[in-house]
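The values are calculated or read from the model by the stated rules, or taken from the named source; none is laboratory data. Computed from a predicted structure; not experimentally measured. No Cβ is skipped: glycine too gets one built from the backbone with ideal geometry, and neighbour counts run over all protein chains shown.
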């Protein structure tokens, strides 16, 4: 990382940082003689000794060296956001390359940062991780990390990712495993590029490196904790890009029928813990029921990657319907907007809830006009798409319209930069809740003249949000995270995180 220290933006009045003269605007350059690379590296270095020597530069340019007895703890300060490393790949299914024009700049950033992989579960192809960074991952024990493998066969990986220098992904993975680092992996499946025999090779070679083995070359070292397979997503904006086959219902059904039994078989050989993970989109595209809870990891591994979200929602809804809390929906009239893949599943749950408590809730599948009708996930719905669907529903309604509109939490971003900690240089974070096209939650509510709330991750959170809207004044300027549940909200780094 080519950063020259980390800048202090705040200090605790009676903290150690203030005691040694650190002030907002100063830059910490070294700790115990080692250069400070970023926030994460600062936390590692400051924790290594009970007494630390801190070299910092004052805002006026003067250098100061100070000793502090910190007992391995932090100094009581806040640091400025780090800049994000970017991806060096050109994958045939890269979402950034399929973005329409006219959105905010952060959405065109191809983030590829190992810190985000460790902290937030974002996948890295390791294309920006050189030898020094691999050493750093091992030294600072940044484990587990999440790696986009796509294909272990070097030629297939080069063809899929468009980078002739990054074919030998197993060399990097093996080095991390040797250093005791655990890895979650994924392959985004592109027909003709990394399916078929290439996929089977990828599966076999990563299975050999799985974690928790009692014997074999990887016992006692790091291991591959899981491998997920995700169908590629194509938007309507692929002008000038390589032609790639879309994954339709027939292909998805064949995949489900072939690899669902294999996933169960591998789980048995892995001590009962699911290892091969199929993303929900395989089942929704195939138009078949998602598997039972036992099919998914005990810890819901790779949930943020779309593995098990539907099952988790359905299981929670079943428990919720059997609780007294469900009575809170009695008499409520609300329109729930969602992507076309989830709408049928959501409507089944709402019908059961309406029948039980006398509520009037219904889900509407929103057509994705911005990215194309083939994009069916809720996380890629823009404010314009949601606005259009709500107005169309109101126009078609012959009775009293709804008292509230619910939008998918996954379609909202709590910050316009990549995250609250890692952002674009000079980007100002806004926590009020924005959609991909920068329409705000407040703006949509003002336009529809009814409260608009995020869905939350389940029915209990949705009810909390509706009750919050009952008692709170308009949302203008509010921090979304201080009003609603943050679980389920999308906190992307640059481009949409599938």
- Select the helices (runs of 4 or more DSSP H) contained entirely in the stretch 82-188, then report the ones holding at least 2 residues which are free of Cβ contacts under 8 Å to residues at least 60 places away in the same chain and under 16 Å from the mean Cα position of the chain (by Cα). 114-120
- Query: Does residue 386 satisfy being in contact with a helix residue (DSSP H, G or I) (Cβ under 7 Å, 6 or more places away or on another chain) and part of a strand (DSSP E or B)?
  - Reply: no
- Note on the structure: Scanning the stretch 12-26 for residues that are within 19 Å of residue 62 (Cα to Cα) and crowded, with 19+ Cβ neighbours inside 10 Å gives 17, 22, 26
- Message: So, in the stretch 360-379, exactly how many residues are crowded, with 17+ Cβ neighbours inside 10 Å and farther than 17 Å from residue 393 by Cβ?
- Response: 7
- residue 112 passes all but one of (1) out of contact with any helix residue (DSSP H, G or I) (no Cβ under 9 Å at 6 or more places or on another chain); (2) on the phi > 0 side of the Ramachandran plot; which number fails? (2)
- Item | Selection status of residue 236, within 20 Å of residue 93 (Cβ to Cβ) and not in a loop (DSSP other than H, G, I, E, B) | no
- Note on the structure: Among the residues of the stretch 32-59, the number that are modelled with pLDDT under 90 and surrounded by fewer than 17 Cβ atoms within 10 Å (Cβ to Cβ) is 1
- Query: Pick from 166, 200: which is assigned by TED's automatic domain parsing to the domain that holds residue 247 and either closer than 30 Å to residue 44 by Cα or buried (at least 23 other Cβ atoms within 10 Å of the Cβ) (or both)?
  - Reply: 166
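Residues are listed down the side, and each one gets a yes or a no for (1) part of a helix (DSSP H, G or I); (2) surrounded by 15 or more Cβ atoms within 10 Å (Cβ to Cβ); (3) at negative phi; (4) in contact with a helix residue (DSSP H, G or I) (Cβ under 8 Å, 6 or more places away or on another chain):
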| position | (1), (2), (3), (4) |
| --- | --- |
| 268 | yes, no, yes, no |
| 277 | no, yes, yes, yes |
| 289 | no, no, yes, yes |
| 307 | no, yes, yes, yes |
| 325 | yes, no, yes, yes |
| 334 | no, yes, yes, yes |
| 347 | yes, yes, yes, no |
- Task: Look through the stretch 392-422, keep the residues that are within 21 Å of residue 101 (Cα to Cα) and part of a loop (DSSP other than H, G, I, E, B), and return whichever of them is modelled with the highest pLDDT.
- Result: 412
- Item | Residues being surrounded by fewer than 18 Cβ atoms within 10 Å (Cβ to Cβ) and over 20 Å from the mean Cα position of the chain (by Cα) - total across the stretch 291-305 | 4
